[in-house]
Amino acid sequence: MYSRDKIIDVMQEIYSESKTIKPYVVIAQPRRDLNEKAAQNFDGYEGLHVDLMGFSHGFCNIGGEKVDVARNYLIEQALESGAKYLFFVGEDTVVPYDAFKRLMRTAEENPNSVVTGVYYLKCSDAMIMVREGDWITIPNVDPGQLIEAWQTGMDAMLIPMDILKEMKEEQPELPFCCIGNNINDEIPFIGEDNFFVHRLHKRGTKLLVDTNVQCLHMDLASGMYTAHPSVDLTKFYSNIKPTRPLTLDDKDYIDRRWVDRLPDGTSYKTLIESKINKKEPIRFNMGAGNDKLEGYISVDKNSKDADLKVDVLRMELPPNATEEILASHLIEHLPQHRAPEILEKWYRTLKPKGKLVLETPDFEGLCKDFLEQKEEGKFMTMACIFGAAVEEDTEEAQEMGAKYPHLWGYTPKTLTELCKTVGFKNIKILPPTGKHPGKNFRLEAIK
């Protein structure tokens, strides 16, 4: 008879030995939202959508971060794993089943090279660029080629870990990836992939594209995709069934999806923590737009000029750390049922005797004005009520007003009562200091 205990002992030995094995490849996936289903599964040992049979492997992802922060985090995680390769796969990039093995063979045959597959920008061309003299162009990416690229994206990229280790040792003060936007009023934009690939060029590492690895770039909501005309959908396994190729008729939809799904990230916490550690006063200008007030951290998810491009409703704030919260013409843009939530969040982050300052349209005053005004004055008053109030009545300005409408209206009395409910004291109603047209009021309160 076989011995059950001895069988279990052997199994325990096998399991213990397995824990000493390092992954040959780590698949890394930056995610905008971990609650949203990614296009493919790379985690675990069952139901994988890429062929890793025979290779020890690992998986790591991160959600809700800006893509440069996410990539740096994932690279650091992979460096600690002892793996030989890091394979970046985008959450909406669908790689063929044999993608890893093909890219790995190409990397093995071309030392000191980073190797990528081909994926397309949605509704556009391949995310592959080559340099011809002083020009950057898009090459022919038909299958059967190995192309030395000037620039590619990173969403189907296999990177030998030795290259990453050397990059870190050579310039430990530099991140692997970094996004820059309007730097010194001179540099309009640098993507995280531009930053990483530039570092590869500087150190003499080749960037190769294996065109036998043709990927789908998929819209996660619909399954529509952009890819090379030759793709055979039977070569792909995914969580989301591919439906049809994207066309230019889909471009507006895809552009909106890209903007709407941009994560807020948590890098803003570093700025806040730095000020706390330095014992510097923290004052926020919430919903700042393009206004830059000295001594205030400007917060606005829609403004390229804001210090923090974060949604105020989703922003995490430390307790009892803030001197002042200023929110001028913001609260009327928030859903009425979210107003108590945001005021409670601001109350918690304020220090004892910290100050809250709100400016907003006076709904009652605007209604009275509307009833008393002659016809020519009524349009602007209605614009102040509904959220299209602009100094110049241009089509562009009106469109911006329509994009950011007022979702609720307040009076000095109703906003005072709301702030009292949250816990604020010493509430004062004062004349407004902002430049918004129509009837407005200013509320100041103390924690």
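Each of (1) 1.22; (2) 1.44; (3) 1.66 is a candidate for Cα Rg over 2.2 N^0.38 Å; the one calculated from this structure is (1).
So, in Å, what gap is there between the alpha-carbon centers of the stretch 25-85 and the stretch 206-220? That distance is 17 Å.
Dipole magnitude for the stretch 220-330: computed about the Cα centre from +1 point charges on Lys and Arg Cβ and -1 point charges on Asp and Glu Cβ, it is near 400 debye. Helical runs assigned H by DSSP (4 residues or longer) give the chain a calculated mean residue ellipticity at 222 nm of -9000 deg cm²/dmol, each run adding -39500 (n - 2.57) before division by the residue total.
For Thr234 and Met382, the difference between the fully extended length at 0.36 nm per residue and the C-alpha to C-alpha distance is 47.6 nm.
Eigenvalues of the alpha-carbon gyration tensor of the stretch 124-281, scaled by 5 and square-rooted, set the equivalent ellipsoid semi-axes at 32, 24, 16 angstrom, largest first. Highest average first, the peptides 213-223, 411-421, 238-248, 1-11 ordered by how many other beta carbon atoms sit within 10 Å of their residues are 213-223, 411-421, 238-248, 1-11.
Taking the longest Cα principal axis of the chain as reference, the axis of helix 67-81 is set at about 40 degrees.
Which of rounded, prolate or oblate describes the stretch 201-267 when judged by the alpha-carbon gyration tensor and an a/c cut-off of 1.5? Because a/c hits 1.5 or more and a/b fails to exceed b/c, the stretch 201-267 counts as oblate. In a DSSP loop and with at most 12 other Cβ atoms within 10 Å, the GluC sites (Glu not before Pro) in the stretch 184-293 are Glu186. When the Cα positions of Thr421, Thr93, Met11 are compared along the charge dipole of the chain, Thr421 comes out farthest toward the positive end, with charges on each C-beta of Lys, Arg, Asp and Glu. Rounded to the nearest whole angstrom, the semi-axes of the ellipsoid equivalent to the stretch 268-446, taken from the Cα gyration tensor as √(5λ), stand at 29, 19, 13, largest first.
What fraction of the DSSP beta bridges in the chain is antiparallel, stated in percent and rounded to the nearest 5? Of the beta bridges lying entirely in the chain, close to 50 percent run antiparallel.
Give me the percent of DSSP beta bridges within the stretch 20-260 that run antiparallel, rounded to the nearest 5. Approximately 60 percent, going by the DSSP bridge assignments. Taking the Cα centre of the stretch 268-446 as reference, the dipole from Cβ charges on Lys and Arg (+1) and Asp and Glu (-1) amounts to some 1100 debye.
Quick one: helix 375-386 against the long Cα principal axis of the chain, what's the angle to the nearest 10°, folded into 0 to 90? Around 50 degrees separate the two axes.
Beta bridges from DSSP with both residues in the stretch 268-446: antiparallel share about 40 percent, rounded to the nearest 5.
Selection among Ala149, Thr20, Gly191 by position relative to the dipole of the stretch 20-260 gives Thr20 as farthest towards the positive end (Cβ unit charges, Cα centre). Considering only Asn277, Met380, Leu366, the residue lying farthest towards the positive end of the dipole of the stretch 275-396 is Asn277, judged by Cα position with unit charges set on Cβ. Set against the 2.2 N^0.38 Å expectation for a compact globular protein, the stretch 20-260 has a Cα radius of gyration ratio of 0.97. About its Cα centre, the dipole of the chain is roughly 1500 debye, where the only charges are +1 on Lys and Arg Cβ and -1 on Asp and Glu Cβ. Between helix 192-202 and the chain there is an angle of about 50 degrees, using the helix long axis and the longest principal axis of the Cα atoms.
Quick one: grab the alpha carbon gyration tensor of the stretch 31-70, order the square roots of its eigenvalues as a ≥ b ≥ c, and give me rounded if a/c is under 1.5, else prolate or oblate depending on whether a/b is larger than b/c. Prolate is the answer for the stretch 31-70, as a/c is 1.5 or above and a/b outweighs b/c. Modelled this way, with points 7 Å down the Cα-to-C-beta line, the labels at Glu76 and Lys37 are 3.3 nm from one another. Here is the list for the stretch 267-309: trypsin sites (Lys or Arg not before Pro) lying in DSSP coil, each with at most 14 other C-beta atoms within 10 angstrom of its C-beta, are Lys278, Lys279, Lys292, Lys304.
Coordinate-derived values only; no laboratory data. Owing to the predicted nature of the structure, the values given are computational and were not obtained by experimental measurement. Because the Cβ atoms are built from the backbone with ideal geometry, glycine has one as well, and the counts that use them run over all protein chains shown.
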